[in-house]
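The values are calculated or read from the model by the stated rules, or taken from the named source; none is laboratory data. Just so it is clear, the structure is predicted and the values come from calculations on it, not from any experiment. Ideal geometry is used to build each Cβ from the backbone, glycine not excepted, and the neighbour counts take in all protein chains shown. These accessible areas exclude ligands, DNA and RNA; they are computed on the full protein's heavy atoms, side chains included. Shrake-Rupley method; radii C 1.70, N 1.55, O 1.52, S 1.80 Å.
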Amino acid sequence: SMNFFEQELRKFFEKNHAFDRVNFIGKACYGTLGDRKRMKLEFVTLGTHQKYEGIKATVLDKTDGVIDSLVLKFSDIWGKKKINNPNFREGMEPHIWVYNGTPEWYAYEPTPSDYKVFAGSVKEYAELFREQSQELHTGYSMNQQM
């Protein structure tokens, strides 16, 4: 059966058009950025065991290996979320935790719009590394385009 992490990665990235193709493998997924580049996306803990606070994006080149990587924290992109719980009056930072061996979102479950916003941030990052097809190289420098 599909594990929780794969299920969640699909919610983020299956319909996100940052990639030409996307494959889901366990806790990670891989998207293609042109012929030679891939982006690996995986849930990561940031110092607390079994508390997944974001997704790490790693850009890989087929021959040169890792080009760049970035951790996107859920709370950086979504902000703190208000929940109906007196312990979190200021809102809480969304994350996945593993409780009794079962991973789940803790107290706040992302909305379809949350998934879309997060995928949009990944797409912006991915676009920095996407290989442009030849016909786009018309001699404009980056400065002229911006």
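Observations, loosely collected:
- Residue-normalised accessible area of the chain, expressed per residue, 1.4 Å probe, Å²: 62 Å²
- Nearest-ten-degree value, helix 112-127 long axis tilted from longest Cα axis of the chain: 30 degrees
- Placing a label point 7 Å from the Cα of Asp76 along the Cα-to-Cβ direction, the residues of the range 16-56 with a backbone N closer than 11 Å are 54-56.
- The dipole here belongs to the chain: it is taken about the Cα centre, uses +1 on the Cβ of Lys and Arg and -1 on the Cβ of Asp and Glu, and is about 240 debye.
- Carbon plus sulfur fraction of accessible area for the chain, probe 1.4 Å, in percent: 48 percent
- Once the C-beta distance of Thr45 and Glu127 is scaled by a Förster radius of 30 Å, the resulting FRET efficiency is 0.65 to the nearest 0.05.
- Measuring against 20 Å, Cα to Cα, the residue pairs Lys15/Lys51; Lys82/Lys123; Lys40/Lys62; Lys37/Lys116; Lys15/Lys81; Lys40/Lys81 contain Lys15/Lys51; Lys82/Lys123; Lys37/Lys116; Lys15/Lys81; Lys40/Lys81 as the ones spanning a longer distance.
- Gyration tensor (alpha-carbon) shape descriptor, the range 1-67, a/c threshold 1.5: oblate
- Ellipticity estimate at 222 nm from DSSP helix runs (n ≥ 4, -39,500 (n - 2.57)) divided over the chain, nearest 500: -6500 deg cm²/dmol
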